[in-house]
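Below: the structure, in structure tokens.
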């Protein structure tokens, strides 16, 4: 069973693309969603508390909003958080794969920072969803009700699309001018033929 990494910068539409793969019968692992559950693990809480102090704790648990505000302003803090969580995600993904029908040709792992985290080395092929920054900003500010400055702060924590395009095996353009579904169906056909 091939492992396909799916990524894209904030607001690119990677979650929508993942949903379409799912409709096509492909199992999708949402790394970013799954990562949040590890913030409840006692050893993770202790490690993060040891590094960031009590300011990220509310009622003995990690306050995700306080943590997000901290790490999105500090690349070293973000790196520490990622290095703490990523081993759990990697193990969880591998365990998740053992629960799937082994006759499936491929699975998709959706992850916002697939390349930045080095997770691309654990998958067989990578797909990048792209969209111009102006479109991504409009989507995210409307979706999350945040300022353009907050969007830029988050976007700046990800590698530029140009760098990811060079690394990706496949690119899906989601710029509101080209239909995404035919691109995904064509790519799905290609992936089914891979050995």
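The values are calculated or read from the model by the stated rules, or taken from the named source; none is laboratory data. None of the values given here were measured: they were computed from a predicted structure. Ideal geometry is used to build each Cβ from the backbone, glycine not excepted, and the neighbour counts take in all protein chains shown.
Among the residues of region 57-88, those identified as outside any loop (DSSP other than H, G, I, E, B) and more than 23 Å from residue 111 (Cβ to Cβ) are 57, 58, 61, 66.
With 117, 147 as the choices, which residue is exposed (fewer than 15 other Cβ atoms within 10 Å of the Cβ) and either in contact with a helix residue (DSSP H, G or I) (Cβ under 8 Å, 6 or more places away or on another chain) or under 13 Å from residue 2 (Cα atoms) (or both)?
On inspection, the qualifying residue turns out to be 147.
The condition of being loosely packed, with under 13 Cβ neighbours inside 10 Å, more than 23 Å from residue 1 (Cβ to Cβ) and at pLDDT below 95 holds for residue 160.
For residue 150, state whether it is modelled with pLDDT under 90, within 15 Å of residue 11 (Cα to Cα) and assigned by TED's automatic domain parsing to the domain that holds residue 191. Against the criterion (modelled with pLDDT under 90, within 15 Å of residue 11 (Cα to Cα) and assigned by TED's automatic domain parsing to the domain that holds residue 191), residue 150 qualifies. Do we find a residue being without any contact (Cβ under 8 Å) to a residue 24 or more places away in the chain, under 18 Å from the mean Cα position of the chain (by Cα) and either in the same structural domain as residue 140 (by TED's automatic domain parsing) or in a helix (DSSP H, G or I) (or both) anywhere in region 25-41? Scanning region 25-41, I find at least one residue that is without any contact (Cβ under 8 Å) to a residue 24 or more places away in the chain, under 18 Å from the mean Cα position of the chain (by Cα) and either in the same structural domain as residue 140 (by TED's automatic domain parsing) or in a helix (DSSP H, G or I) (or both), so the answer is yes.
Note on region 1-17: residues that are assigned to a helix (DSSP H, G or I) and either surrounded by fewer than 23 Cβ atoms within 10 Å (Cβ to Cβ) or outside the structural domain of residue 142 (by TED's automatic domain parsing) (or both) amount to 2.
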